[in-house]
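First up is the structure itself, then whatever we jot down about it.
Any read-out appearing in this document is the output of simple, stated calculations on the displayed coordinates, not a laboratory observation. Keep in mind that what you see is a predicted model, and the values were worked out from it rather than measured. Cβ placement follows ideal geometry from the backbone for every residue including glycine, while neighbour counts extend to all protein chains displayed.
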Amino acid sequence: AYQPVEMETVLEKRRVHFGGNLKLSYENPVMFLRGWRHNLFDEMGRPYLDAYNNVPHVGHAHPRIQAVAADQLKRMNSNTRYLHPAQTEFADKVLSKMPDHLSICFFVNSGSEANELALRLARAHSGGKDMITPDHGYHGNTTGAIDLSAYKFNKPGGVGQQDWVHLVEVADDYRGRFRRDDPDRAGKYAALVDDALDEIAARGGKLAGFIAETFPSVGGQIIPPKGYLAKVYSKIRAAGGVCIADEVQTGLGRLGDYYYAIEQQCAKPDIIVLGKPIGNGHPIGVVVTTAEIARSFSNGIEYFSTFGGSTLSCRTGKEVLDIVDDEGLQENARLMGGRLLDGLRSLQKKHNLIGDVRGFGLFVGVELVQDRESLAPATDAADYVLNRMREHRVLIGTEGPHDNILKIRPPLTIEEGDVDMILEKLSGCLSELECFSPC
Ligand code: PMP
């Protein structure tokens, strides 16, 4: 157990020993020493409602995860060069939730590593190098994944855009070029891919593929118009490219109505990337692809990851997926997400700051605007709400190019009383802002 530690001591040691770009959440940072389901407890034992963290998918400190990890660590833990049923059992479980055409699993240690491998697979299969990706996406912190993450490389101090990376506008039908009053918006956003394909041809490049978060998260909890991705994928395939769906944030039942966001988009990717929640805190990434793509990659050079697919990881990952099923967590995400979205839409009628409420299940965005006509982003208001919610001991996030979208993305265990608390506290914070500003 931890001895009582002053938060100031930990803060000071971080300042001395860690890089300056390691960010802390909140103006007044918080230190957590315990977790249970969708709650975290600080060094004083005070509970916080965790409405932000998607990694503890089945809840913090789940007893079944504790038990399976302890059991495996007592037995042995090794890599994929030795046979073990845990690896094939995990693959069977992952594939049982996948479209039939995806039949091969690669196990890695993080979402970044999974996207990096997906990029290699796309290049090996297509023989191309160029990639098309929506603006303001995020796919991870490795060299290749950063190059595919406009959210990072386009920031001041970022590495900038590589010549093999081609950006298309995010299919944001609230703020973007084509909006919800346009019935053709999915097709129009998809058509922007044609420009990127022309650009590649003009440069004499060759397409490797397209990568996107199925619902862009750091881009602002965007729900692209239905069918957008299916249309993009058919253009990419016609041009010889491989379609990669990053389902790190959206997969495993979080959306309630769908196990994966690609189902809502009627899209059939060639590669699906999974990460964060699949280990519930244990580092796991998974790349799932077709037999044809796996064959193109199997070129005689061994593929190996020391920890990817370890016995411990496979047993943990399978347990997480089993818990989602056994505890009906996808259905809970649907019910609690519905309650949350209904409640937020009621708040929208009361608070002019709320420009848009969007999401599925427990993947939710609340876009704050200064004015519903101009859609001027209410960035300061979002920052105020974030920090004020923390004072009410409710954890949420902010996202989007203007950081004006409140991100609500709790573990799937959340209950009615918790949803009502989020709504009540959020309404209070927005009322405070409305009192302060003479509008
Ligand atoms: N893809 C998406 C959509 C993500 O949100 C993240 C992490 N936020 C990653 C990839 C990278 O995952 P990791 O940090 O586990 O490497």
Could you order peptides 178-187, 275-284, 328-337, 422-431 by the average number of other Cβ atoms within 10 Å of their residues, highest first?
-> 275-284, 328-337, 422-431, 178-187
Equivalent ellipsoid semi-axes - Cα gyration tensor, the chain, angstrom = 33, 30, 20
Give, rounded to the nearest 20 debye, the magnitude of the charge dipole that the chain has about its Cα centre when Lys and Arg contribute +1 at Cβ and Asp and Glu contribute -1 at Cβ.
-> 720
Among the lysines, which fall within straight-line cross-link reach of Lys425, defined as a Cα-Cα distance under 24 Å, with same-chain neighbours fewer than 8 residues apart omitted?
-> Lys349, Lys350, Lys407
Lysine-lysine proximity count for region 43-189, Cα under 29 Å, sequence distance 8 or more or distinct chains | 6
Percentage relative contact order, region 63-326, counting C-alpha pairs under 8 Å, at least six apart = 30
Nearby aspartates and glutamates by direct alpha-carbon distance to Lys206 (threshold 13 angstrom, same-chain neighbours under 8 apart not counted) = Asp130, Asp163, Asp198
Roughly speaking, what is the centre-to-centre gap between region 203-276 and region 14-84 when only Cα atoms are used, to the nearest Å?
-> 28
With label points set 7 Å from each Cα along the Cα-to-Cβ direction at Glu89 and Glu8, the distance between them in nm comes to 5.1
